[in-house]
Amino acid sequence: MLILTRKAEQGIVIDGKVVVRLLAIDGERVKIGIEAPRSVSVLREELLVEVAGENQAAARLPGIAAGREGLAQALRGLERPQSRPAD
């Protein structure tokens, strides 16, 4: 894990495509902004963990596919829709 110290309005660039910027600091809370291409899925960690837990519970039900494929299907449902070209 890389640990960096940033001040408000400073950012980091990941793979030349994703920019994570620290927007504000308020006590123990920070506000961050993330600029990423539409092809990059950006999810809050707690939602990903929740979806994984629900998928594991569903996998225990008869007739439902378990494992990575179930999680992959759930993540596909959370992806941002692709923009359509203008007519």
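Selection of region 12-31 for residues being surrounded by 11 or more Cβ atoms within 10 Å (Cβ to Cβ) and under 17 Å from Leu2 (Cα atoms) yields Ile12, Val13, Ile14, Val18, Val19, Val20, Arg21, Leu22.
Restricting to region 1-11, give me the number of residues that are loosely packed, with under 13 Cβ neighbours inside 10 Å and in contact (Cβ under 8 Å) with a residue 12 or more places away in the chain. Adding up the residues that qualify gives 4. Residue count for region 32-41 under the criterion of being surrounded by 11 or more Cβ atoms within 10 Å (Cβ to Cβ) and touching a strand residue (DSSP E or B) at 6+ places or on another chain (Cβ under 9 Å): the result is 6.
Read-outs: derived from the displayed coordinates by stated rules, not from any lab. These figures come from a predicted structure and were not determined experimentally. No Cβ is skipped: glycine too gets one built from the backbone with ideal geometry, and neighbour counts run over all protein chains shown.
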